[in-house]
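The values are calculated or read from the model by the stated rules, or taken from the named source; none is laboratory data. Just so we're clear, the structure is a prediction, and the values are computed from it rather than from any experiment. Quick reminder, even Gly has a Cβ in these numbers, built from the backbone with ideal geometry, and neighbours come from all protein chains shown.
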Amino acid sequence: MSATIHAPSQAPPARAQVGPAAAAGASPAPRPARLRDHAVMLVGAGGNIGSHLVPHLARMGLGRIVLCDPDTYGAENLTTQAIGPPAIGQPKAQVQREVVTQLDPEADAVAIGRLVQDVPRGQLRVGVLLACVDNRATRLYLNQTAFRLGVPWVDAAVEPDGLLVRVSVVKPGPSAGCLECAWSDRDYALLEQQHPCQHGSPHAARTNAPAPLGALAAALQAIECRKLLEAQAGEPAQSRQILLAASTHKLYVSHLLRRPECRFDHETWSLERLPAHQLSVAALLDRAARQTGSNSDISLRVEGRPFVRRLVCPACSHHERTLRLAAHVPGGWGPCGKCGTPLTAPGFDMSDRLAASELPPSLLAATVQQLGLHEGDVVSLSGPRGQVHYQIEA
Amino acid sequence: MNDPVYQGFLMRQFEEATALARQSDVLELAPQDGRPPNRYLAHFQCKGLVRDGSGGPVEFNHLLVGIWLPEDYLRQVNPGQVLTYLGPAPQPWHPQIRPPFICAHIPPGTRLTDVLHTLYDLWTYNLVAVGDNGLNPDAAAWYRQQHPSRFPLERRPLKRRTLELSAEPIHPTNSAAPA
């Protein structure tokens, strides 16, 4: 399913304000047209917080709502998430997409049933990123992505012990604090890791937070989202963390300050959209060389996705040379040509960057798609005199 | 890459790890390309276990591991990418090793010397995860049947122990000899 996101300046055209109520003969509830130019993305759309947030977003009159969640509803979700029995067994993103469609047929609701880390980064260029996730690793990724794309993000979390709700608003800027500015060594040590002995993605332990707690977090998050999109809605809690202890009725607001020792570089990239249909790797390098004033010392990088140079069969040790961008490919790297066992990519044969000088002529002549770049991917090209960042377009 | 924090980190790891290798009787460390390098070949010459032709574990004195410290190593780690089993034995015998993977918990920003110590402890059976959900459940089951006194396999430490002695010569005094 295409999930291309338009930046606010390229929003989908306004549509007629006709909904089910008008079709039934009643006066349709007016949708605030001023938010039709805006798009938001909700990561963790189907969870304890996300499922309560979706209706709020649908009632804002947004132009596009992208709902990202890789999970499927189970019976245990009925007591904590805003769903009914028909949702059991259904993909969460799809269920929530239906909620949006019913409440606001004019909104473009897009469901992505994958991990957000598997979504081409350029597709996260929206007006506001909303995080309702249950693990640190995804928050880390969203924090980095928000800064790279210059997109404000609102993170929500709950803790049933103490009935705690936490909402943080981060708007990337030259001196803005980020999520990691508040992290200690212990926070990094607690990051979920994908170990080679594990199957599937690592998951944090379920909070089993009660539904009202998720609803409370969602309400706060929706209010902050609206403030970010619409100046008349009030001053957003920018660079602040709101902590509400519902058990004791206490509210704490703390500031997220930029910390010089933060492990994150806080860089925001200026992205150039690059039509890449049939674009060769050589042409991409030439363009970057001209823009950066570099000659042949250009290197390619897709942040978070290393280049793979060798594939190995764990069964028979057969190995194959390759040069491809790693991706979360459901089918993996393909079978071993000798024994059929799925191939793996050893880390020692990976690299973050690919130097232009090491590319064989065959790869220079290949298209960027053959290298592993797809629509929405953000590729960075660096030379001695600077770097450029392109968002690949069809 | 123009990340001074990452570059500074790599330089410190290079200095500390090469110093450790100089002080070790069991470790040879070969930095790979890069200034400072972010890739190393670590060759341990110490006792571990491999599977022999009959299927049983036998002692083996060589372990070669590739270590890669990617650009976001200070913030997030994929242990399956940081460590790569490179041999030389085709069938190592350890619950946490199944080529090319070595399973170890490496928090972001872990020092390279700590990674090397972890690899040494792992190979010599001083560090073992005994559950059945590891990379080699057969080795885990075998380990649970062994007497603990058998481990670790290697008695030499990774870092050579040194003993510093300060000795002063005893000088004869100038007083008269006793009668």
Checklist entry - So which residues in segment A:327-340 are surrounded by 14 or more Cβ atoms within 10 Å (Cβ to Cβ) and modelled with pLDDT of 85 or more, if there are any at all? => result A:Cys336
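Looking only at segment A:98-115, which residues are within 23 Å of A:Gly214 (Cβ to Cβ), at pLDDT 95 or above and not acidic (Asp, Glu)? Spell out how you get there, then give the answer.
Let us first name the residues in segment A:98-115 that are within 23 Å of A:Gly214 (Cβ to Cβ), namely A:98-104, A:107, A:109-115.
Going one step further and asking which of them are at pLDDT 95 or above, we end up with A:98-104, A:107, A:109-113.
Hits for segment A:98-115 are A:Val99, A:Val100, A:Thr101, A:Gln102, A:Leu103, A:Ala107, A:Ala109, A:Val110, A:Ala111, A:Ile112, A:Gly113.
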Item to check | Residue check, B:Gly87 on the phi > 0 side of the Ramachandran plot and modelled with pLDDT under 95 | outcome: yes
Checklist entry - How many residues does segment B:80-107 hold that are at the interface with chain A (Cβ under 10 Å from one of its Cβ atoms) and in contact with a His (Cβ under 6 Å, 6 or more places away or on another chain)? => result 1
Next on the checklist: What's the number of the only condition in (1) within 14 Å of chain B (Cβ to nearest Cβ); (2) surrounded by fewer than 17 Cβ atoms within 10 Å (Cβ to Cβ) that A:Gly383 fails to meet?
Outcome noted: (2)
Next on the checklist: Can you find a residue that is modelled with pLDDT of 90 or more, surrounded by fewer than 21 Cβ atoms within 10 Å (Cβ to Cβ) and farther than 28 Å from A:Arg148 by Cβ anywhere in segment A:168-177?
Outcome noted: no
Checklist entry - Within the bounds of segment A:64-72, is there any residue that is crowded, with 22+ Cβ neighbours inside 10 Å, hydroxyl-bearing (Ser, Thr, Tyr) and touching a Lys or Arg at 6+ places or on another chain (Cβ under 8 Å)? => result no
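Could you say which residue among A:Glu235, A:Glu192, A:Glu230 is of a type in the set (D, E, K, R), closer than 30 Å to B:Leu83 by Cβ and surrounded by fewer than 21 Cβ atoms within 10 Å (Cβ to Cβ)?
Within the list A:Glu235, A:Glu192, A:Glu230, the selection yields A:Glu192.
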Next on the checklist: Going by what's in this entry, would A:Gly337 be described as within 13 Å of chain B (Cβ to nearest Cβ) and more than 24 Å from A:Asp118 (Cα to Cα)?
Outcome noted: no
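Yes/no matrix, rows are residues, columns are (1) out of contact with any Gly (no Cβ under 8 Å at 6 or more places or on another chain); (2) among the charged types (D, E, K, R):
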site: B:Ile106; (1), (2): yes, no
site: B:Leu112; (1), (2): yes, no
site: B:Thr124; (1), (2): no, no
site: B:Val128; (1), (2): yes, no
site: B:Ala141; (1), (2): yes, no
site: B:Thr162; (1), (2): yes, no
site: B:Glu168; (1), (2): yes, yes
Item to check | Hits in segment A:282-324 (condition: within 13 Å of another protein chain (Cβ to nearest Cβ) and of a type in the set (Lys, Arg)) | outcome: A:Arg301, A:Arg305, A:Arg309, A:Arg310
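Condition check ((1) more than 24 Å from B:Leu83 (Cβ to Cβ); (2) exposed (fewer than 15 other Cβ atoms within 10 Å of the Cβ)) across all residues:
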| residue | (1), (2) |
| --- | --- |
| B:Thr124 | no, no |
| B:Leu127 | no, no |
| B:Gly131 | no, yes |
| B:His171 | yes, yes |
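Look at B:Tyr40 and say whether it is closer than 25 Å to A:Leu311 by Cβ, touching a residue at least 60 places away in the same chain (Cβ under 8 Å) and either in a strand (DSSP E or B) or more than 8 Å from chain A (Cβ to nearest Cβ) (or both).
yes
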Checklist entry - Among the numbered criteria (1) of a type outside the set (Val, Ile, Thr); (2) at pLDDT 90 or above; (3) surrounded by fewer than 11 Cβ atoms within 10 Å (Cβ to Cβ); (4) part of a loop (DSSP other than H, G, I, E, B), which single criterion is violated by B:Glu164? => result (2)
Item to check | Meets criteria (within 14 Å of another protein chain (Cβ to nearest Cβ) and over 30 Å from A:Gln144 (Cβ atoms)) for B:Pro137 | outcome: yes
Checklist entry - Say we look at segment B:61-74 and pick out the residues that are within 17 Å of the chain's Cα centre (by Cα) and part of a loop (DSSP other than H, G, I, E, B); which of these is farthest from the other protein chains (Cβ to nearest Cβ)? => result B:Asn61
Next on the checklist: For segment A:341-363, give me each residue that is away from chain B (no Cβ under 14 Å) and either at positive phi or surrounded by fewer than 16 Cβ atoms within 10 Å (Cβ to Cβ) (or both).
Outcome noted: A:Pro360, A:Pro361, A:Ser362
Next on the checklist: Only one of B:Val77, B:Val130, B:Val58 is within 10 Å of chain A (Cβ to nearest Cβ), among the aliphatic types (A, V, I, L, M) and outside any helix (DSSP H, G or I). Can you tell me which?
Outcome noted: B:Val77
Checklist outcome for this item: Cβ pairs under 8 Å, 6+ apart or interchain, first in segment A:83-103 and assigned to a loop (DSSP other than H, G, I, E, B), second of a type in the set (Gly, Ala, Ser), ordered by first then second residue, are A:Ile83/A:Gly46; A:Ile83/A:Ser51; A:Ile88/A:Gly74; A:Ile88/A:Ala75; A:Gly89/A:Gly74
Next on the checklist: Of the conditions (1) farther than 30 Å from A:Arg353 by Cα; (2) aliphatic (A, V, I, L, M); (3) out of contact with any helix residue (DSSP H, G or I) (no Cβ under 8 Å at 6 or more places or on another chain), B:Leu127 satisfies every one except a single condition; which number is it?
Outcome noted: (3)
Checklist entry - Can A:Glu235 be described as in a loop (DSSP other than H, G, I, E, B), more than 30 Å from B:Pro108 (Cβ to Cβ) and either more than 14 Å from chain B (Cβ to nearest Cβ) or touching a strand residue (DSSP E or B) at 6+ places or on another chain (Cβ under 7 Å) (or both)? => result yes
